[in-house]
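What follows draws every value from the coordinates through simple rules; no lab data is involved. Quantities reported herein were computed from a predicted structural model and do not represent experimental measurements. Glycine also receives a Cβ, built like all others from the backbone with ideal geometry; neighbour counts cover every protein chain displayed.
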Amino acid sequence: MDTKLRIGILGCGPISQAAHIEACRKGRNVELYALCDAAEDLLSEMTLVHKPKFSYQRYEDMLANEDIDAVIVATNDYFHVPAAIQALRAGKHVLVEKPLGTSLEECLELEQAVIETGLILQVGNMKRFDGGIMAAREFIQTEMGELLALKAWYCDNVGRYTVTDNVMPIIVLSASTIRPPFDHKADKQRYYLLAHGSHLVDTARFLGGEIVSIQAHHTERFGAHNWLATVEFASGSFGQLDLTIGVRMDWHEGFQVYGEYGSVVGKTYNPWLFKSSDVEIYSVRDEQFRRPLAIDGHFYRRQVEGFADAILENKPVHGATVEDGVAAVRALIAISQSVKTGEPVRLKDVQGEV
């Protein structure tokens with residue numbers, strides 16, 4: 001491709017170092033054009049290693065560069081919405097890390113900014129670019145018929161940092177990094193729900209469709225957190241979601257989907273292994289099982305390439321849209337509210353923050 005999307009990345013922290021910078025350097029239709037971080041030492045080191053055309057300490061200066069087509073917002077959740085709105089108003093397309101935001105009101109404000117500018121905003125739910133999950137969705141939408149039920153689970157294990165320390169690049173940190181005006185990890189229940197629940201909810205919506213109500217329960221014991229939620233889909237079918245952080249076993253993530261003309265079972269791996277989900281599809285039409293092999297498991301590179309395709313070639317946005325991001329935040333708020341009240345919560349009725 002002769003034309004590449006010129007991307008500026010806001011934030012040179014762990015997620016950029018482990019995912020977005022490499023994705024932009026490897027992507028077939030993108031260029032790592034600029035890096036921006038308020039921490040001068042971190043920005044200097046990342047610039048030296050990755051050699052973007054420009055580097056900035058001030059976000060306003062990066063947005064003023066007319067040659068930059070799009071921005072990846074890879075900051076703390078607290079800054080997602082204001083940074084994304086600022087980029088849109090500067091005429092830049094946006095790929096913003098998940099979750100879209102932490103309150104419904106700010107997410108709706110961002111959604112309005114997308115409508116007003118007519119620019120593309122994609123949420124960083126990179127599992128939508130997992131080839132196994134994509135194959136499952138294709139079967140569900142084209143062959144499976146009506147949905148009977150869905151089960152999905154996301155269980156981060158106590159040994160995950162041993163794995164990630166082995167496979168991730170060495171992460172460079174800085175004491176000058178800008179942080180929220182509060183300790184965003186102090187409330188573990190809220191932090192885990194935002195950080196990990198956003199993946200589980202989006203996968204459930206990607207495979208099962210729109211969620212209209214949720215009833216959830218939460219348990220905390222021996223330093224581990226567990227949420228069990230029953231979700232009602234717009235189709236009238238139901239699903240069960242299991243979010244467990246600190247499970248005493250290997251990384252445990254996957255789904256089961258039962259339908260009119262078949263079923264799908266999937267096993268998803270720790271994302272930093274860059275291994276696509278193992279998916280087994282059964283179709284009653286030929287009474288056969290099939291297991292698609294998705295060799296390319298670099299979800300972050302595939303994500304940014306899909307983002308660029310939507311902008312450069314006017315292709316449909318395959319990733320999560322701003323509407324998907326808002327719906328996911330509604331679901332997370334509903335889970336949080338249902339845990340407090342013990343009652344089902346309809347997503348259209350939620351307000352406030354997670």
Listed peptides 293-300, 171-178 by packing density, highest first (mean Cβ within 10 Å): 293-300, 171-178
Set of lysines near residue 340 by C-alpha distance (under 22 Å), chain-local residues within fewer than 8 positions excluded: 185, 188, 348
Sequence-distant residues sharing a close amide H with residue 9 (under 5 Å, placed H): 34, 35, 36, 72
Under 18 Å from the residue 3 label point (7 Å along Cα→beta-carbon), backbone N, segment 18-53: 28-33
Check: segment 49-116 dipole with +1 on Lys, Arg Cβ and -1 on Asp, Glu Cβ, in debye: 360
Label-point separation, residue 178 to residue 287 (7 Å along Cα→Cβ), nm: 6.4
Two-site FRET efficiency, residue 210 against residue 189, from Cβ-Cβ distance with R₀ of 35 Å, rounded to 0.05: 0.85
Residues listed by number, segment 44-69, amide nitrogen under 17 Å from residue 171 label point at 7 Å toward C-beta: 46
Dipole in debye (nearest 20) - the chain, about Cα centre, beta carbon charges: Lys, Arg +1; Asp, Glu -1: 600
Residue-by-residue Karplus 3J(HN,Hα) for segment 299-315, coefficients 6.51, -1.76, 1.60, Hz, glycine and proline x: 4, 5, 5, 4, 5, 6, 5, x, 4, 5, 4, 5, 8, 7, 10, 6, 7
Among 93, 167, 136 the positive-end extreme of the charge dipole of the chain (Cβ point charges): 167
Residue-by-residue Karplus 3J(HN,Hα) for segment 64-72, coefficients 6.51, -1.76, 1.60, Hz, glycine and proline x: 6, 6, 5, 7, 7, 8, 8, 10, 9
Per principal axis, descending, Cα span of the chain in whole Å: 54, 45, 44
Gain in span if fully extended, residue 240 to residue 51, counting 0.36 nm per residue against the direct Cα distance: 63.4 nm
Chain lengthening between residue 61 and residue 252 when straightened (0.36 nm per residue, less Cα-Cα): 64.5 nm
